[in-house]
Structure formats: C-alpha cells, structure tokens
Amino acid sequence: MSQKSHNFILPESWGLRINQAGREECIALHEFGGLRTYYLIHVILDGWGDFMNDYGRWKLHRGNGFLITPHTKHRYRADHEKPWTYCWVGFDIPRDSPFENAGIHQGNPILSYGPEQLESIGSLVMKMIDLPRSLSLDQQIKVQEW
C-alpha cells in the first residue's frame, strides 16, 4: 500500500477550508470507515471497491467517486482482485451543503468522472500534496498563520 497525504490550514474567509488531501494505492481488502466531522470526496483513479453507509452499498470503479458527509457512518473497502487507487480531499463548508442542490447526499453519494476529469483531479490533488514540501519552513508557518 502506497499513500501520500497532507493536512491543510486555510483562512476561514475563503469560505471553504481544505483539511486534507491524499492519494492511496490500496492493497486487497484494505478497509477504512467511521464518522467524520467534515466532508470528504474520494475519486477512484483505478481499480474497484465498495462504499457503504447507512443508506446503501455501492460497487465502484475507475471514474466513480463518493461523498462522505459529516456525521454519517461509512465504510469503504478495496476489491480483493483489483484493489482501487483513489485520491481524496477533505474540507469544511461554513454554510449549507451545495451538494444537496446537485442531488448528491447521504442516500445518493456517488459521483461520475470522465477520463480527462480524472487526469485533472489526480494532478490537482498531487499538487496539493506536494505544495507544502515546496515551501520553506517560514512560508509554511505563514500559510498556517494566514
């Protein structure tokens, strides 16, 4: 299993606060779950796996994504034959969820992406992960104090 991730602190005035971003190449049957206090979107870059919450179970693959909403029990597990590779972004929104208006909610948490979108999302998340490493210690402190 290979994983890269980073936690972020951004100014609240931005309206969106990114908590973390990462990418993981899972081993067979790797599983994670629980409750979150923030939103978390996973985008599947390759492979298969299952996402479960109190509202259902979904078999997902490359090009799918799933939204975990705050305070919702969830679990996700990589396939035993072709485990998934995914990237994720965790964030807070200081107002009502914009996802509800788009029809994405606990009972309908699945997203779909085309090949070009997958490439762009994967690239963006990797830039987010690598950004802190490209900053000096002074710059990192300034970003966190911002």
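Give me the Å³ per residue figure for the convex hull around the C-alpha atoms of region 35-104.
Details: hull volume 6.0 nm³, N = 70.
With only Cα atoms used, region 35-104 gives 85 Å³ per residue.
What is the gain in length, in nm to one decimal, between K82 and S112 on full extension, counting 0.36 nm per residue of separation less the C-alpha to C-alpha distance?
Details: separation 30, 0.36 × 30 = 10.80 nm, distance 1.92 nm.
Length gained, K82 through S112: 8.9 nm.
Is the shape of region 19-60 best called rounded, prolate or oblate, per the rule: a/c under 1.5 gives rounded, else a/b larger than b/c gives prolate, else oblate, with a ≥ b ≥ c the square roots of the Cα gyration tensor eigenvalues?
On the way: a/c = 1.70, a/b = 1.08, b/c = 1.57.
Oblate, since a/c reaches 1.5 and b/c is not below a/b.
Every number in this text was worked out from the coordinates using simple rules, so none of it is lab data. No experiment lies behind these values; they were computed from the predicted model shown.
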